[in-house]
1. Considering the range B:122-142 alone, what residues qualify as being among the β-branched types (V, I, T) and in a helix (DSSP H, G or I)?
2. When residues of the range B:419-446 are filtered for being open to solvent by 20 Å² or more (accessible area, probe 1.4 Å) and either away from every other protein chain (no Cβ under 12 Å) or among the hydrophobic types (A, V, I, L, M, F, W, C) (or both), how many remain?
3. Given the residues B:K254, B:K247, which is the only one that is within 14 Å of chain A (Cβ to nearest Cβ), without any contact (Cβ under 8 Å) to a residue 40 or more places away in the chain and either more than 29 Å from A:I126 (Cβ to Cβ) or in a helix (DSSP H, G or I) (or both)?
4. Within 21 Å of B:E418 (Cα to Cα), within 14 Å of another protein chain (Cβ to nearest Cβ) and touching a strand residue (DSSP E or B) at 6+ places or on another chain (Cβ under 7 Å): which single residue out of B:T320, B:T353, B:T357 fits that description?
5. Of all residues in the range B:218-244, how many are open to solvent by 10 Å² or more (accessible area, probe 1.4 Å) and either away from chain A (no Cβ under 14 Å) or part of a strand (DSSP E or B) (or both)?
6. Determine which member of the set B:S429, B:S440 is touching a Lys or Arg at 6+ places or on another chain (Cβ under 9 Å), in contact (Cβ under 8 Å) with a residue 40 or more places away in the chain, within 30 Å of B:T479 (Cα to Cα) and of a type in the set (S, T, N, Q).
7. I'd like to verify a number: residues in the range A:110-147 that are surrounded by fewer than 22 Cβ atoms within 10 Å (Cβ to Cβ) and in a helix (DSSP H, G or I), how many?
8. If only one of A:C118, A:C78, A:C73 is more than 7 Å from every other protein chain (Cβ to nearest Cβ), more than 16 Å from the chain's Cα centre (by Cα) and not β-branched (V, I, T), which one is it?
Amino acid sequence: MKEILEKYERKSDNLLAILHELQDSKDEHYLSREDLKAVSKYLNLPLSMVHGVATFYSMYAFKPRGKYIIRVCQSPPCHLMGATTISKELMKILGIKFGETTKDKLFTLEMSSCLGVCGVAPAIMINNKVYGNLTPEKLKSIIEEKRREK
Amino acid sequence: MSLQRMHILIPIDEESIQNGALEVKRRLNKELFKHRVEEEVKVLETGPIGISGKGVVLIIYPDKVYYYNVKPKDVKYIVEEHILKGKVCTKIENSKEIEKKKNVVDYENIGLTRKQPRVVLDKCCIVNTFDLEEVIARGGYAALEKILEENISPEAVIEEIKKSGLRGRGGAGFPTGLKWEFTRKASGDEKFVICNADEGEPGTYKDRLILEGDPHKLIEAMIIAGYAVGAEKGYIYVRGEYELSIKRLNKAIKDAKDVGLLGDNILETGLNFDIEVKKGAGAYVCGEETALIESLEGKRGQPRIKPPYPVTHGLWQKPTVVNNVETLANVPAIILRGADWYRSLGTEKSPGTKVFTVLGDVEYPGLIEVEMGTPLREIINAYGGGVRNGKKFKAALVGGAAGVFLSEKLLDVKMDFENLKEHTAVLGSGAILVMNEDASIVEMLFSILKFFAHESCGQCSPCRIGTRHLLELIYKIKTGEGELEDLDKMLHIAETMRNLSLCPLGQSVIMPVASAINNFKEDFIKKINNKNNMKEVSYA
């Protein structure tokens, strides 16, 4: 953690970037209370402020998440092209609801705003990779592939 | 440098990568090498082409042949038949699309790829963005060079932009030249240029294509803006979801710095300008300029109360010009070819071109650049290829979530700032979502209101409470529990939000709500009268 912090100048405008990098560096993709404390100390900002900023943005999480974070685009174009079916199918395949993580800690299911790949709607993002033109069958094979990869 | 007899363009972007573009490219190089033609045939990795839903695309020059839905296994065939023997392959069998049973079309004459007056996207999908020399050969940085070589004063640059009539492409349409002038005239020792690349409007990805396809154009435009307003530091605020854009921007910035086009003493003229990329973290409201500035400063992205405007009190309370990606991408062409040329495009009050994303139930979903004032009907039918599968047109949602639902009878509206305003519609971000006869407007409005309820930043109560109530009401209607008076309630709440909300997020919710209810009232009434409708299970 120290290494990541010291890459940045002690300026408050680096807060978002630091939080991003800290979160990305962890297998469980989340920011713990200790992380926030460390950042607040490093940037000399009140913990309440760091907490306030972090919780404002939807890309930061504060509970341990799975290895693969599945973000389902909920925007109108995806909705029109069948995002609801995709959402239901995902809940069925994974056996979890939105905001939850599977017991094997492999998948976390989240909703997302427009991913900006509306041309291939309905779309999801798994970690940093986009998957589009989804059908229930395609979804199944993607999840199976991820399960095999582990 | 060797001469090539043939160029194969392969657009690499978020969408094509997930369709296997990298594997196609790898095989292409392997096959070319195997046949020892790697010297005479060049594979170019370009930015996005703008066509969606057509898988991996290859464009072969000088033949102007365009293959789509190319799978890795087709590569061998294409190389052997087309590259070696010069025969256009008509038999790539893969997708089940009926379209003429072949995946090859004359590149310049079909749907989205038909000739477009490309100003903003002129280099997208033509050059390798990773090769600065190629970018420069196609006119990159020529406008900057012109300014520095001909000693055009900052005032003259601003005058030219003002004369061109360029207006902000982020949605509001404020004259760009005026913004620059205000910033230049504002007192302050330090000024900033911010590029707003927090493209969060649902159904919009024009900025992503510019960022991925021609990042150098943006860098050039920002240097020009910096020169004009007297700033030495620029920020590009990119939304966190756009990983590839951030990567490409950083690479382009580094390349430009390496050759002295960016940084201290640009081209040895004494001009200094540096650019830093900042990554957002998922908040739609940060697309509002003052919220974006707050976020840049490392705070919660909540809009400030205006005035004072960013032109005098922006980043760190210093004069700041905030421009959208597409707006900036117009600047180099205006400088290079002059305001008069620019005015020859588009309409009198909205000159130039506009990039639109045509999506939903159309034959060729994707992105186009056309002159301002092009009728909506033409965009949907000529470029988008009309409604898919022979279905009937029902509605178009124009402008994203903060946009309006237009019915068939409004399809002839001309797409520019003035004409849309007459129909209480907005150009917004240029998103056009087409819905066919099967689409439910109630469902769509539900999706939009869910979005607003999630994205309201919570700072002002009309928006925080209003979005929540609207969501509850539309949910009630959607699940068959609605009453007729709920429609009036919705309009009343949205109207209150327009009058009392702090920023455009809350103020614009009235647009989708009022246009949906007014233009498609029968959809709502049907849902309300049909109370036996089975209750849908919420997955949210």
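The values are calculated or read from the model by the stated rules, or taken from the named source; none is laboratory data. Keep in mind that this is a model prediction, so the values were computed, not measured. Backbone-built Cβ (ideal geometry, glycine too); neighbour counts: all protein chains shown. Just so you know, the surface numbers come from the protein's heavy atoms only, side chains and all, with ligands and any DNA or RNA stripped out. Shrake-Rupley method; radii C 1.70, N 1.55, O 1.52, S 1.80 Å.
1. Here is the first cut: in the range B:122-142, the residues among the β-branched types (V, I, T) are B:126-127, B:129, B:135-136.
The answer is B:V135, B:I136.
2. Here the count works out to 7.
3. Numbers: B:K254 fails: within 14 Å of chain A (Cβ to nearest Cβ).
Sole residue among the options that is within 14 Å of chain A (Cβ to nearest Cβ), without any contact (Cβ under 8 Å) to a residue 40 or more places away in the chain and either more than 29 Å from A:I126 (Cβ to Cβ) or in a helix (DSSP H, G or I) (or both): B:K247.
4. Working: B:T320 fails: within 21 Å of B:E418 (Cα to Cα); B:T353 fails: within 14 Å of another protein chain (Cβ to nearest Cβ).
Exactly one of B:T320, B:T353, B:T357 is within 21 Å of B:E418 (Cα to Cα), within 14 Å of another protein chain (Cβ to nearest Cβ) and touching a strand residue (DSSP E or B) at 6+ places or on another chain (Cβ under 7 Å), namely B:T357.
5. The total comes to 5.
6. Numbers: B:S429 fails: within 30 Å of B:T479 (Cα to Cα).
Testing whether each residue is touching a Lys or Arg at 6+ places or on another chain (Cβ under 9 Å), in contact (Cβ under 8 Å) with a residue 40 or more places away in the chain, within 30 Å of B:T479 (Cα to Cα) and of a type in the set (S, T, N, Q) leaves just B:S440.
7. At the first step, the residues of the range A:110-147 found to be surrounded by fewer than 22 Cβ atoms within 10 Å (Cβ to Cβ) are A:110-112, A:126-129, A:131, A:133, A:135-147.
Now narrow it down to the ones that are in a helix (DSSP H, G or I): A:136-147.
Final tally of qualifying residues: 12.
8. Working: A:C118 fails: more than 7 Å from every other protein chain (Cβ to nearest Cβ); A:C73 fails: more than 16 Å from the chain's Cα centre (by Cα).
Just one listed residue meets the conditions, A:C78.
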